Amino acid sequence: MLDHKKVYAFALNPWVVVAMLGGGFALGLYQPEASLRLGFVGDVYVDMLKMIALPFMVSAVIFSLQRLFREGGAGGLLARVGIVFVVFSIAVAALGAATLMVMRPGENLSNETKQTFGKIVGNDLNSSDTVMSLQGVDPPTKSVTFAEVLVSIVPSNIFASLASGETLKALVFALLFGLAVGQVPARISDGLTQSLETIYHACQTLMRWLNYPLPIILLCMSASQMAKTGIGPLQAMAQFVIAFCVASLIALVLATLIIWKRSNASLGQTLSALRGPFALALATRSSATCMPIMIEGLVDRLGFARSRVELLVPLSVSLLRIGPVIYYVAATMFIAQLYGRDLGPTEIAVVMSSSILAGFASAGMTGLLTVSLVGLTSSYLGLPFEAAFILFLAVDPLCDMLRTLVLVIGNSAAVSIVCARPLRI
């Protein structure tokens, strides 16, 4: 008789995840043609997860807000959310800046590395018309104003926003609608609440089913990605990738320690609760698709209040973009070092604040769009980003995994701080 619990635990085992990733990279490196044909497996899997993510988020936010208003204390909770989100954003931006200042990956590069940069950009590094010669200046990317950001997050048509997968717009609708439903008498709104809760639990069940084939999915996705990019870009950008890995690892360790202390559980129980979000974040590179398993880990395994977690997880995933914030700080400071620009305290503060803004604007974005926002942070300092864009895009699959992983685990830590400590008997 097949033990489904053991199969599920095996699929989410961190060592299995690492082994499948390593096997996929090796397969993509040595069998690129066969690996490219496996790419459709990951595409189908991620599309199925995205299919579930938005209805899950909308239903969870609306009925959680309704429950929150019935129980009371909504104002205090939302104030605490704001404080925690601001503190976390500033802390991770400072962490990214400190790591790049200590490691300085963009300085003292070898001539061979510079030549590789030039080839990737598509020009000779020594030619006068190439920005990578560190002498030219590209026109700065147009900065985004607060008014433009505000206009961009308000949905004019919620059905169009759902159809196009605009997570932040869907969240704004869910928050406003949930606040309104919370003011409706229970005898009228109970029917809607039960329907939304049914949708929520159905989506959670679907997500659990999709975790079973995760090892095979990881193998196919990593093999296909390695076959597309090869190992050259990784070698050329190795110092940046290492620095970003260090900053991400520090953030992950700190987030795990926070969850451990807040949950009153043992370290082993905490790590066990986080292995599901860890595996899914690496596999999908989509924070929205990790929401159900984040809730499962915090509620079912660590004992945090379901009514709070079901509201705060979708809220944090959309608004607290700590993974992208670290990335934008690291990328901007790497470009500054690459072009020999020394940044003072004021300029570093500008990098941090613009990176927090760019992180907020990155909600719902993936791949090229996420990387392109480095141009926003660079423009505040007049740094040319366009020539270096292809360099970051080449190594983005690995950086994207780290961004998602930091966001998922870090946001779980933020939720654990906002929620009351679970009682342990």
### Neighbours by Cβ (under 9 Å, 6+ apart or cross-chain): first from region 79-92, of a type in the set (Lys, Arg); second at pLDDT 90 or above and open to solvent by less than 60 Å² (accessible area, probe 1.4 Å)
80/417; 80/418
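Which members of region 17-29 meet the condition of being closer than 20 Å to residue 404 by Cα and open to solvent by 20 Å² or more (accessible area, probe 1.4 Å)?
Within region 17-29, the first condition is being closer than 20 Å to residue 404 by Cα, and the residues that meet it are 17-22, 24-25.
Within region 17-29, 18, 19, 20, 21, 22, 25 qualify.
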### Query
Does residue 205 count as of a type in the set (Val, Ile, Thr), modelled with pLDDT of 85 or more and part of a helix (DSSP H, G or I)?
no
### Summary
Across region 1-16, the tally of residues that are surrounded by fewer than 20 Cβ atoms within 10 Å (Cβ to Cβ), in a loop (DSSP other than H, G, I, E, B) and of a type in the set (A, V, I, L, M, F, W, C) stands at 2
### Query
Taking region 294-314 as the region of interest, how many residues are open to solvent by less than 10 Å² (accessible area, probe 1.4 Å) and part of a helix (DSSP H, G or I)?
10
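Within region 30-43, take every residue that is assigned to a helix (DSSP H, G or I) and under 19 Å from residue 215 (Cβ atoms) and give me the one that is most open to solvent (accessible area, probe 1.4 Å).
As a first pass, look at region 30-43 and keep what is assigned to a helix (DSSP H, G or I): 30, 32-36, 39-43.
Filter once more, keeping what is under 19 Å from residue 215 (Cβ atoms): 34-35, 39-43.
On the way: 34: 40, 35: 0, 39: 14, 40: 126, 41: 36, 42: 3, 43: 93 Å².
Here the answer is 40.
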### Query
Give me the pairs: first residue in region 183-195 and within 11 Å of residue 66 (Cβ to Cβ) and among the polar types (S, T, N, Q), second residue in a helix (DSSP H, G or I) and modelled with pLDDT of 80 or more, beta-carbon distance under 6 Å, and six or more apart or on different chains, which are they?
189/181
### Filter result (modelled with pLDDT of 95 or more and loosely packed, with under 14 Cβ neighbours inside 10 Å) within region 240-268
253, 257
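Quick grid of which residues meet (1) in contact with a Gly (Cβ under 8 Å, 6 or more places away or on another chain); (2) part of a helix (DSSP H, G or I):
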position: 258; (1), (2): no, yes
position: 323; (1), (2): yes, yes
position: 341; (1), (2): no, no
position: 351; (1), (2): no, yes
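Being at pLDDT below 85 and assigned to a helix (DSSP H, G or I) is true for just one of 330, 358. Which residue is that?
On the way: 330 fails: at pLDDT below 85.
Going through 330, 358 in turn, just one is at pLDDT below 85 and assigned to a helix (DSSP H, G or I): 358.
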### Residue, least open to solvent (accessible area, probe 1.4 Å), within region 147-177, restricted to residues that are of a type outside the set (A, V, I, L, M), modelled with pLDDT under 80 and in a helix (DSSP H, G or I)
161
#### Entry: Test result for residue 230, farther than 25 Å from residue 309 by Cα, out of contact with any Lys or Arg (no Cβ under 6 Å at 6 or more places or on another chain) and modelled with pLDDT under 85
yes
### Query
Quick check: is even one residue across region 200-213 farther than 30 Å from residue 108 by Cβ, open to solvent by less than 40 Å² (accessible area, probe 1.4 Å), aromatic (Phe, Trp, Tyr) and touching a residue at least 12 places away in the same chain (Cβ under 8 Å)?
yes
### Task
Can you tell me which residue among 348, 322 is touching a Ser or Thr at 6+ places or on another chain (Cβ under 8 Å) and of a type in the set (Val, Ile, Thr)?
322
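The values are calculated or read from the model by the stated rules, or taken from the named source; none is laboratory data. Computed from a prediction, not measured in an experiment: that's the story for all the values here. Backbone-built Cβ (ideal geometry, glycine too); neighbour counts: all protein chains shown. Areas reflect the complete protein model, heavy atoms only, side chains present, ligands, DNA and RNA absent. Shrake-Rupley method; radii C 1.70, N 1.55, O 1.52, S 1.80 Å.
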